[in-house]
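The values are calculated or read from the model by the stated rules, or taken from the named source; none is laboratory data. These numbers come from a predicted model, not from an experiment. Neighbour counts run over all protein chains shown; Cβ positions are idealised from the backbone, glycine included.
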Amino acid sequence: MSMNNLVGFAIAAVLAAIVAFPCAGALRKHPGVFYALAVAATALYVWALGTGEGPSAFRPLLVVMQKGYLACLFLGIVMFTGVLDEKSALRLRLQPIRGELSILSFIFIVGHLLTYLPGYLPRLGTLFSGNATIAVSLVVAVALTALFAVLAAMSLRVVRRSMNPRTWKAVQRASYVMMALLVLHVGLMLGMSAFGGGVTRSTWVFWVYVAVVVLYAVLRIRKACADRAAAKDA
């Protein structure tokens with residue numbers, strides 16, 4: 001991983017931790033402020049991307065948006081919170097802001113999407129004949145974003161409160177489909193590079209994603225088994 005990527009990921013990790021912990025109360029009380037800041041940051045990124053403006057010192061910040069680090073970290077917090085024990089201190093702290101973090105994740109993923117789609121979509125037809133892997137990955141990315149948009153919209157408080165809790169929870173299970181699409185997208189984009197020969201940045205990134213997904217799957221299954229056992233004992 002290049003220095004810019006490492007610095008970008010570190011910045012994203014720090015920002016995600018600040019929002020999820022010290023700023024959790026503010027996010028819960030004033031989510032609109034955070035959404036506005038996220039939209040402004042995404043708009044600034046798109047402007048810098050399109051015009052080439054901005055000092056080189058902004059490069060690590062641009063990498064945060066380009067690679068989707070912040071979006072993935074927020075989404076990771078949301079997903080892993082769901083596999084924690086209901087009574088754990090960490091879950092009790094993060095559970096109230098899962099919806100807000102989901103919306104922030106979606107806003108930032110739009111910036112990642114706008115990095116690549118304008119250049120690739122007009123050539124989608126030729127990509128299928130020349131590089132089907134990238135073409136399929138882009139189609140998956142569009143489907144993933146559409147599903148993400150629906151789930152993010154349902155995370156809005158006004159929407160949650162207007163829906164039947166059972167219906168809302170049932171639709172939220174589509175997040176597993178979203179995770180599967182995300183894994184497929186990353187696998188298609190990085191898999192060819194990762195196994196193209198030699199050890200590259202893509203190789204390490206690919207296996208990090210694999211490790212995270214496997215860990216989540218193990219914890220999800222463990223949580224489901226624990227919930228089933230508790231239901232039988234009740």
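Yes or no, residue by residue, for (1) modelled with pLDDT under 85; (2) part of a helix (DSSP H, G or I); (3) among the charged types (D, E, K, R):
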residue: 1; (1), (2), (3): yes, no, no
residue: 4; (1), (2), (3): yes, yes, no
residue: 10; (1), (2), (3): no, yes, no
residue: 15; (1), (2), (3): no, yes, no
residue: 32; (1), (2), (3): no, yes, no
residue: 37; (1), (2), (3): no, yes, no
residue: 40; (1), (2), (3): no, yes, no
residue: 48; (1), (2), (3): yes, yes, no
residue: 54; (1), (2), (3): yes, no, no
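Modelled with pLDDT under 90, aromatic (Phe, Trp, Tyr), under 18 Å from the mean Cα position of the chain (by Cα) and in a helix (DSSP H, G or I), is that true of residue 116? When the stated conditions are applied, residue 116 passes them. Within region 95-111, the presence of at least one residue that is over 16 Å from residue 152 (Cβ atoms) and touching a residue at least 12 places away in the same chain (Cβ under 8 Å) is confirmed. Could you list, in sequence order, all residues of region 144-173 that are surrounded by 15 or more Cβ atoms within 10 Å (Cβ to Cβ) and either among the polar types (S, T, N, Q) or in contact (Cβ under 8 Å) with a residue 24 or more places away in the chain (or both)? Correct list: 144, 145, 147, 148, 151, 152, 155, 156, 172.
For region 133-206, list the helices (runs of 4 or more DSSP H) that sit wholly inside it and hold at least 3 residues that are closer than 21 Å to residue 220 by Cα, of a type in the set (A, V, I, L, M, F, W, C) and at pLDDT below 85; which are they?
Where helices (runs of 4 or more DSSP H) fall fully within region 133-206 and carry at least 3 residues being closer than 21 Å to residue 220 by Cα, of a type in the set (A, V, I, L, M, F, W, C) and at pLDDT below 85, they are 165-172, 174-194.
On the given criteria, is residue 107 farther than 30 Å from residue 221 by Cβ and at pLDDT below 95? For residue 107, the condition - farther than 30 Å from residue 221 by Cβ and at pLDDT below 95 - is met.
Evaluate region 121-132: report whether one residue or more is on the phi < 0 side of the Ramachandran plot, in a helix (DSSP H, G or I), surrounded by 15 or more Cβ atoms within 10 Å (Cβ to Cβ) and at pLDDT 85 or above. No, that holds for no residue.
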